[in-house]
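The values are calculated or read from the model by the stated rules, or taken from the named source; none is laboratory data. Nothing here was measured: the structure is a model prediction, and the numbers come from that model. Cβ placement follows ideal geometry from the backbone for every residue including glycine, while neighbour counts extend to all protein chains displayed.
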Amino acid sequence: MLIDVTLILKENIPVYPGDPKFEIEKIYSIESSGFNLHRLTMGTHTGTHMDAPLHFLSGGNDISQLDINNLRLTALVADTSGLKKIDSAYLRTLDLNGLGALLFKTNSKAVYLTADGARFLTARGIRLVGTENPDIEDSPDNCFEVHHILLGNSIPVVENLFLKNVSEGKYIFYCFPLNVYGADACPVRAILEPLDNSL
């Protein structure tokens, strides 16, 4: 059975401070034109979304240039809600063998990946990192070191996952953004499939 771990895009969905709000506006209606058509207005980081290297790296790959082979991966969902931080010491306790992605279930708590944790995941060959939080890192000095480490190694970052009803364990993770040329990020449809049911 597939599990949808994507936030629903709707008006008043929370956005990162300063980002454009999500809006859906009806342009044509069945009553007046014989069909419905809507205009969507939003930022590239609205809802459950994927960051491409271009988000922080000048000249980095945009969302349309990501390798689609890295968007269907064996993933571990790890419950990090009881931690103060996600560092290399914690990550060493996880069995990462054979994994392509690591997803952090934070239960909306302020638990963030550290720079040494990001370097550890890069060295272990993880190809995608995701979190329930709106941001993978806490960067009060706005240096965004974790993003630079991950995106600098072509590791996409998925934020705002909805893992509330998902148990810890291994899954197949499907996460595909729209193929938007020049975009630094894009909303995604993120799906988990329990590993023992996968093809």
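Table: residues versus (1) modelled with pLDDT of 95 or more; (2) of a type outside the set (Asp, Glu).
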position: Thr131; (1), (2): yes, yes
position: Asp138; (1), (2): no, no
position: Asn142; (1), (2): no, yes
position: Ile149; (1), (2): yes, yes
position: Gly152; (1), (2): yes, yes
position: Ile155; (1), (2): yes, yes
position: Leu163; (1), (2): yes, yes
position: Gly169; (1), (2): yes, yes
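Quick one: is Val111 in a loop (DSSP other than H, G, I, E, B), touching a residue at least 24 places away in the same chain (Cβ under 8 Å), closer than 25 Å to Lys170 by Cβ and not basic (Lys, Arg)?
yes
State which residue is farthest from Pro140 (Cα to Cα) when the search covers only segment 114-127 and only residues that are outside any loop (DSSP other than H, G, I, E, B) and among the charged types (D, E, K, R).
Filtering first and then ranking leaves Arg119.
Examine segment 158-169 for a residue that is in contact with a Ser or Thr (Cβ under 9 Å, 6 or more places away or on another chain), in a strand (DSSP E or B) and closer than 19 Å to Thr122 by Cα, and state whether such a residue exists.
yes
Of all residues being in a strand (DSSP E or B) and free of Cβ contacts under 8 Å to residues at least 60 places away in the same chain in segment 83-106, which is surrounded by the fewest Cβ atoms within 10 Å (Cβ to Cβ)? Just the residue, please.
The residue in question is Phe104.
Residue check: is Thr80 more than 19 Å from Val5 (Cα to Cα), modelled with pLDDT of 95 or more, buried (at least 19 other Cβ atoms within 10 Å of the Cβ) and in contact with a Lys or Arg (Cβ under 7 Å, 6 or more places away or on another chain)?
Details: more than 19 Å from Val5 (Cα to Cα): no; modelled with pLDDT of 95 or more: yes; buried (at least 19 other Cβ atoms within 10 Å of the Cβ): yes; in contact with a Lys or Arg (Cβ under 7 Å, 6 or more places away or on another chain): yes.
Answer is no for this residue.
Checking Phe162 against (1) out of contact with any Lys or Arg (no Cβ under 9 Å at 6 or more places or on another chain); (2) in contact (Cβ under 8 Å) with a residue 60 or more places away in the chain; (3) surrounded by fewer than 16 Cβ atoms within 10 Å (Cβ to Cβ): exactly one of these is not met. Which one?
Single failed check for Phe162: (3).
Let's see how each residue does on (1) buried (at least 17 other Cβ atoms within 10 Å of the Cβ); (2) outside any loop (DSSP other than H, G, I, E, B); (3) without any contact (Cβ under 8 Å) to a residue 24 or more places away in the chain:
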position: Met1; (1), (2), (3): no, no, no
position: Pro14; (1), (2), (3): no, no, no
position: Pro17; (1), (2), (3): no, no, yes
position: Glu31; (1), (2), (3): no, yes, yes
position: His45; (1), (2), (3): yes, no, no
position: Leu54; (1), (2), (3): yes, yes, no
position: Leu57; (1), (2), (3): no, no, no
position: Gly60; (1), (2), (3): no, no, no
